[in-house]
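Inspection log for the structure reproduced underneath, given as structure tokens.
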């Protein structure tokens, strides 16, 4: 099998086959990755790039210490810069908080033990607040398809790193959609686990929205993403919000059932903000799912819409203030203006407000369970549209909020999901769908998402490589 160092696919199946045949070594792939990074120029994907020779040395050590059957043998990876990797800096795109990590949690340790080679720490919306990827003092990570458009956030660099063919996998994290929006905008897969399935002890400070966020995975295929999830999932007694169900969660990858029921928002509830291409792509996605054996069930979206607004327009936002006050104290001038505005908006909520919001969320979760009782999964557009960088910079809060229309409610409701590519607008920009399921039903969501992604016939990310 021929493999070009600038265009060869980095999906797991391809690299595993080449390693097994002896025609490629991990150090060869790592050197190829650095040539690709150099070819892209100043793309603002990386906050910290591991020196090439250090990464090559890590690849050699992994090859010497591990067998070819190691789950992530020789696979290059990227890590969002609010997730600790021992020996590397973490900044969360907030320079005053920069420090060198001396430890991490099981999610990162398991990747390293399985043979993954860390290439670098990736750019992000500052302090993981945002769905756009433009709120960083380190620049705007260049969308893998068009630099004029936002890369998605907050895990911007991680999504682009996979989308541009620079790594095989990347870790992000997700409270409002940060592991899904960059997947849609870079034509890759985003695996968003049930909160509590993956330990957050590798995340700086345990996260900023500790009670609901989760580490997420970007990959080229659903199979690859689920391979990673199986490695990093599990109960962690050191994580305050880890859940014991993580010990028993079914994470197998299997074919979709011959017949399944998928819920979608009613037509009159769908919002695309004038993006006819996005509307067309979602209609085509529904038709594709029906051809795969799915029965479409329209449901009211009102409970989900109200829940998604609770994340940033209600006291739940105050959790970020509580987490971040010690970090930003005395360094307020280093905050991005949009980040500052969002945090300031949460200062005046009372304890009564918080309990009212919690009680209302419980009602909305009850209503959602009733709506979805007869369906296996809920399918939504990952985003209603995509915006240009200039548009978001001119209207940062409102347009960011629009991108959360179909993502903000998911962690509040304790659900899991996989964002997968759905196709392209007429201007060549990608969009996607997200397959959502109940807590700890990752295998169910993955089966449908996997079948859908394969059925699209799309090439992988921005690489032009065929789905293996």
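Coordinate-derived values only; no laboratory data. Remember, it's a predicted structure, so these values are computed and weren't measured experimentally.
Values for this structure:
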| read-out | value |
| --- | --- |
| Relative contact order of the chain, defined on C-alpha pairs under 8 angstrom at six or more residues apart (%) | 17 |
| Dimensionless Rg ratio for segment 41-194, taking C-alpha atoms and the 2.2 N^0.38 Å reference | 0.98 |
| Antiparallel %, DSSP beta bridges [both residues in segment 1-131], to 5 | 50 |
| Descending Cα extents along the principal axes, segment 1-78, whole Å | 35, 26, 17 |
| Cα gyration tensor shape for segment 313-468, rounded if a/c is under 1.5, else prolate or oblate | oblate |
| For the chain: rounded, prolate or oblate by the Cα gyration tensor [a/c cutoff 1.5] | rounded |
| Estimated [θ] at 222 nm from DSSP helical runs (n ≥ 4, -39500 (n - 2.57)) normalised by residues in the chain, nearest 500 | -11000 deg cm²/dmol |
| Beta bridge orientation in segment 19-456: antiparallel %, DSSP, nearest 5 | 65 |
| Anisotropy class of segment 384-447 from Cα gyration tensor, a/c 1.5 cut | oblate |
